[in-house]
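To start, the structure under review is shown below, and the notes come after it.
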Amino acid sequence: MDGITNLSRRRFVFGTAVTIAGVVSGFVFSNEALAELIVLDKDKKILGLTPSIWVEITKDNEVIVTVARSEIGQGIRTTFAMLVAEELDADWSKVFAVNADGDPKYGDQSTGGSTSVRTFWMTLRKAGAQARQLLINAAAEIWGVSPSDCFTENSFVYEKNGTRKLSYADLIDKALELPIPPENSIKLKSVSEFKILGKAHKNIDEPLFVTGKAVYGSDFRLPGMKYAVMLHCPYIGGSLLSYDDSEAKKIKGVLGIYRLSEGIAVVADNSWSALKGREALKATWNPGSNQGLSSETIFNTFRSLLGTLPELPKSTIKELNATYEVPFLAHSTMEPMSAFAFFQDGKCEVWAGTQNPQTARNSVASALGISRNNVKVNVLYSGGGFGRRHINDYIVKAAKISKASGFPILFFYTKDDDIKNDYYRPASMHYIKSGVDSQGKISGFYHKVVSQGDVFYVEPPYNISDIRNFTEKHNFGIPTGPWRSVDYTQNVFAIESAIDELANLAGVDPLQFRLNIAKSSRLKGVLQRVAEISQWNSALPKGVGRGVAAFEGYGAYIAHVVEVSVSDEGFLRILKIFAVVDPGFPINPENIRNQIIGSAIDALSTALNAEITIQNGQILQSGFHNYRWLRMEEIPDFEIDILTTSEQPSGMGEVGFPSVTPALCNAIYNAIGLRIRKLPIGKTPLLKSDDKKNHYEKFHFNTYPNPFVSKVQIEVIINDFNKPSLQLIIYDFLGKKLLEPKLSNTGNKFYTELNLEVYPPGVYYAVVCLDNKRYSFPLVKTI
Amino acid sequence: MKIIVNKTEYDIDVEPNMPLLWVLRDILNLTGTKYGCGIGVCKACTVLIDGYPEQSCSIPISYVEGKEVTTIEGLSINGEHPLQIAWKELSVSQCGYCQPGQIIRAAYLISKIPKPTVEDINKEMSEHICRCGTYKKIRDAILWATKD
């Protein structure tokens, strides 16, 4: 039996000298928020009780829950601890979580598809209940009473009709002598008996986060360690021709340079020396077959593959033919990918934030040519995951560099590396051909998805008599991978936008239209509730619009209403987001709210601004300065409601994303009648077509070039030179004032050259203020 | 070179242009200050230098000679700064990675404006990126920490 001995005395402050052999697994949260890396010593006498691989009870009456899914910000460590603690009747203030290393004995450890809760919901509750029964049996035996005469509360067993009580810790010795109760003898609590589940619980990791003590992949330290970065080929699918490292080797602190199949690794005493060494490398690259490849080529090819769709049923009286377009996206986690690896004596141990330690273990074994049994992958905190950490490229690189150099290695990507070496959210085009009949019903819904072959279609969650799906592909070799809510991000944008367009064709309110055709009563439930909290039917001022969209997936249901305003200048403001989610049973309502709001901000950021573009076979983006994310001042208000409709929980990390984007676009349509079918929205000026002119009675407006990369010339030619009360103001597309440039003039021609180099790509507005009137002109900045 | 971090004096031997971030993380093993972008955009690496928030990724170590650096590890003993308490009370963090930088800037904000308004908070905190989207909770926690 494995066990943790005397836990509290084994809490080592991170960074103290520990020997590699002594570091076994993970880290733990402690109430006192003191030291946090747990060093387990399995050779010591076992004092704790481990009825299963999931739970351990210590001599200090602490409960240690083994978490076999990765914490990436979804709160899984708290959730899993709650599941065990509930059935164990544990004292919540003494419940801790340790991360499992990658090992098949834990079942599937892939943290993806929002499956963690659904997979482990019963397993962990049973583990808690089993431990509780064992402790009751031990107390009953000590007291000479029947187990049914005992009850448990806050990590103690009590005698029902007596005064005797024993802590779980006091029962360990007796429990070790007893058989572990078989799983089929275990009775679980009913929902009405829950004391922990269904109530808001604080994040058990917060004390570590707020003190900087949480150990992420990039924070792991061992004596004798070195730091490494890699020079990667800048061309997707390209290769190294030759390199010269003579200058790099002269950089102080650089210890070694290694050519690997993935690139050229620079190993140094510290991160800075490694980066300086890399800067001094000279390399020539073969661009490979993607030379000349651009986003334009990719989308033109996708467009050419849209082809035709079958004729709609004859009952169709109004037809929709719409193409929706979504770009590649990078995950752009806050913490760029990093991993710590130590290869020694034919064995490799890894510490990293990863969403799949099992595949990481296999990949490292295969890359190093050693057995999986000689690889151990410890899971640390991840500074964001969003699907990126399913691909363990960075872990394999760390392991290979450790093997090549002989050092314990912390390998890291810079932000630029991270964006340029991602496995992107796939781009896709969606051709939807649909229509309505004389009853206002959808006559048929044909949907063709064109991608690199990496986007599968999704069916609308509605009763539609004739749904047909098609796919076409052309693979350009752009690496893609899972990205929060995977195929839904693209499909639900297309489908829920099309449903909105169909509602308009049918002349039916878009929320009512969805209620009329929603298949599931739970989907109807969230739609009805979101109509109530958003006061869907109330009147709105001019320029303000509401949009709705709904989604079901991951065992849950959600409806969003987004409220926006679009000013005469084109400024977009997202005023409020209403979300109603039906998770079935809400395990931790507070965490659900966090996930729904976080997903919405993720969705807004991508819908408004984010895009990965390719030019000449290279990724152009390199950081948050040209891959823009929303800031605090840009986020809307939120109102979230959670419905409890069943005793089964669902996944909450992804469900809050997909319907936000179409609800936002539907709201913009509702506000100004402009339909957005191409993301990101921030590339499209939000001006009605009659506003898009350059000639006015009083003046003429010119820009050159437009679109522009960094500099744009603006000139305003005034017709009536006698009244030059002229002002020019530059705004971003959300209406934030950026610049008020001074204008030079020659006669009636006023001009300036703007340098918008520091601003991210997207739409900006030049507003000409003349005689108390404002005229808005879009400036389109490209990368 | 002598630097003062969290009221402790360190004598370090590094190149004068090495950014403070890497000195903190790699030389002093103070890993609470995070690397996010390396070019001063995301602000995850924010520390206080003589009380003012600066991006440690873009500050050469020679600049802080003789100045006082405060990192998340030095903000309080045992994580009991009012902001840290508020963060814990409201469960602000998701992945948690940007939060040390956020808390450091929030500490500067409330040292300057003890009772900030929502507008004050938005203005100051919009310097930072949180990829998980915890902005609302960050704002709520600052208000919670500074309420009467």
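Worth pointing out:
- The phi torsions of the range A:675-686, fed into the Karplus equation with coefficients 6.51, -1.76 and 1.60 and a -60° offset, translate into couplings of 9, 8, 10, 9, 9, x, 4, x, 8, 10, x, 8 Hz, rounded to whole numbers, with Gly and Pro shown as x.
- Heavy-atom accessible surface of chain A: percent carbon and sulfur, 1.4 Å: 48 percent
- A Förster radius of 51 Å combined with the Cβ-Cβ distance from A:N616 to A:Q512 puts the calculated FRET efficiency at roughly 0.55.
- Between amide H atoms placed 1.01 Å from N, distances below 5 Å from A:F708 occur with A:V780, A:K781, A:T782, all of them 5 or more places distant or on a separate chain.
- Estimated [θ] at 222 nm from DSSP helical runs (n ≥ 4, -39500 (n - 2.57)) normalised by residues in chain A, nearest 500: -7000 deg cm²/dmol
- Solvent-accessible surface (1.4 Å probe) assigned to A:D568 amounts to roughly 110 Å².
- Within the range B:2-75, the proportion of C-alpha pairs whose separation exceeds 21 Å stands at 11%.
- Comparing each chain alone with all protein chains together (probe 1.4 Å, DNA, RNA and ligands left out), the residues of the range B:70-91 losing at least 30 Å² of accessible area are B:N78, B:K88, B:E89, B:S91.
- At an R0 of 51 angstrom, the distance between the Cβ atoms of A:F456 and A:R164 translates into a FRET efficiency of 0.25.
- Drop in accessible area of at least 50 Å² in the complex versus isolated chain, residues of the range A:210-225, 1.4 Å probe: A:V210, A:T211, A:G212, A:Y216, A:D219, A:R221
- In the context of the full set of protein chains, residues of the range A:566-618 present 21 Å² of accessible surface per residue (probe radius 1.4 Å, heavy atoms only).
- Threshold 20 Å² - residues in the range B:104-146 whose accessible area is reduced by that much or more when the chain is no longer isolated, probe 1.4 Å: B:N122, B:S126, B:I129, B:R131, B:C132, B:G133, B:Y135, B:K136, B:K137, B:R139
- Exceedance of the 21 Å cut-off in Cα-Cα distance is limited, within the set A:K415/B:K67; A:K282/B:K43; B:K67/B:K137; A:K249/A:K282, to A:K415/B:K67; A:K282/B:K43; B:K67/B:K137.
- In degrees, nearest ten, helix A:486-506 long axis to first principal axis of chain A (Cα): 50 degrees
- Förster radius 22 Å - calculated FRET efficiency between B:S62 and B:K7 (Cβ-Cβ, nearest 0.05): 0.60
- Taking all protein chains together and rolling a 1.4 Å probe, A:Y243 ends up with roughly 70 Å² accessible.
- Nearest-ten-degree value, helix A:521-533 long axis tilted from longest Cα axis of chain A: 60 degrees
- Hypothetical label at A:E319: residues of the range A:444-462 whose amide nitrogen lies under 16 Å (7 Å Cα-Cβ projection): A:444-448
- Residues A:F120, A:F456 ordered from highest to lowest accessible area at a 1.4 Å probe: A:F456, A:F120.
- Extension gain, A:K737 to A:R774: 0.36 nm times the residue separation minus the Cα-Cα distance gives 11.9 nm.
- The charge dipole of the range B:82-145, taken about its Cα centre with unit charges on the Cβ atoms of Lys, Arg (+1), Asp and Glu (-1) only, comes to about 80 debye.
- Amide H contacts of A:V375: A:C348, each under 5 Å away and 5 or more positions distant or on a separate chain (H built 1.01 Å from N in the peptide plane; Pro and chain starts excluded).
- Full-stretch length increase - A:R372, A:I180 - with 0.36 nm per residue and alpha-carbon distance subtracted: 66.0 nm
- Residues of the range A:578-619 with an amide N closer than 13 Å to a point placed 7 Å from the Cα of A:S520 along the Cα-to-Cβ direction: A:581-585.
- Built amide H within the under 5 Å cut-off of A:L293, gap 5+: A:N616, A:G617
- Counting only Cβ charges, +1 for Lys and Arg and -1 for Asp and Glu, the dipole size of chain A around its Cα centre is about 920 debye.
- Backbone N within the range A:123-146 under 20 Å of label point (7 Å from A:S646 Cα along the Cβ vector): A:123-126
- Ignoring lysines fewer than eight residues from A:K448 along the same chain, the ones with Cα atoms less than 30 angstrom from its Cα are A:K314, A:K318, A:K420, A:K433, A:K473, A:K519, A:K524, A:K678, A:K683, A:K688.
- On association of chains A and B, roughly 4800 Å² of accessible area becomes buried (total for both chains; probe 1.4 Å).
- Residue-normalised convex hull volume from the C-alpha trace of the protein assembly as shown: 191 Å³ per residue.
- Note on A:K105 and A:T471: the extension gain reaches 127.9 nm, defined as 0.36 nm multiplied by sequence separation minus the Cα-Cα distance.
- For A:R514, the accessible surface of its heavy atoms amounts to roughly 0 Å² (probe 1.4 Å, protein chains only, rounded to the nearest 10).
- Reported value for the range B:82-145: 68 Å³ per residue, from the convex hull of its C-alpha atoms.
- Check: chain B dipole with +1 on Lys, Arg Cβ and -1 on Asp, Glu Cβ, in debye: 600 debye
- Sulfur and carbon atoms: percent of accessible area, the range B:82-145 [1.4 Å]: 57 percent
- Peptides A:518-525, A:576-583, A:647-654 ordered by packing proxy, namely the average of other Cβ atoms within 10 Å per residue, highest first: A:576-583, A:647-654, A:518-525.
- Residue-normalised accessible area of the range B:82-145, given per residue in Å² at a 1.4 Å probe: 29 Å²
- ³J(HN,Hα) computed for each position of the range A:59-75 - Karplus, 6.51 cos²θ - 1.76 cosθ + 1.60, integer Hz, glycine/proline x: 5, 8, 6, 9, 10, 10, 9, 8, 9, 9, 10, 8, 6, 10, x, 8, x
- Mean residue ellipticity (222 nm) of chain B, computed from DSSP H runs ≥ 4 via -39,500 (n - 2.57), nearest 500: -8500 deg cm²/dmol
- Accessible-area composition of the range B:2-75, carbon plus sulfur, in percent [1.4 Å probe]: 46 percent
- 3J(HN,Hα) along the range A:339-349: 7, 10, 9, 9, 9, 7, 6, x, 10, 10, 10 Hz, from the Karplus curve 6.51 cos²θ - 1.76 cosθ + 1.60 with θ = phi - 60°, whole Hz, x for Gly and Pro.
- Relative contact order [Cα under 8 Å, 6+ residues apart], chain A, whole percent: 11 percent
- Cα gyration tensor of the range A:306-432 - equivalent ellipsoid semi-axes, whole Å, descending: 44, 16, 11
The values are calculated or read from the model by the stated rules, or taken from the named source; none is laboratory data. Worth saying up front: this structure is predicted, and the values here are computed from it rather than measured. Here the Cβ is made from the backbone with ideal geometry for all residues, glycine too, and neighbour counts use every protein chain on show. When the accessible area is computed, the model is the full protein with side chains, heavy atoms only, and any ligands, DNA or RNA have been set aside. Shrake-Rupley method; radii C 1.70, N 1.55, O 1.52, S 1.80 Å.
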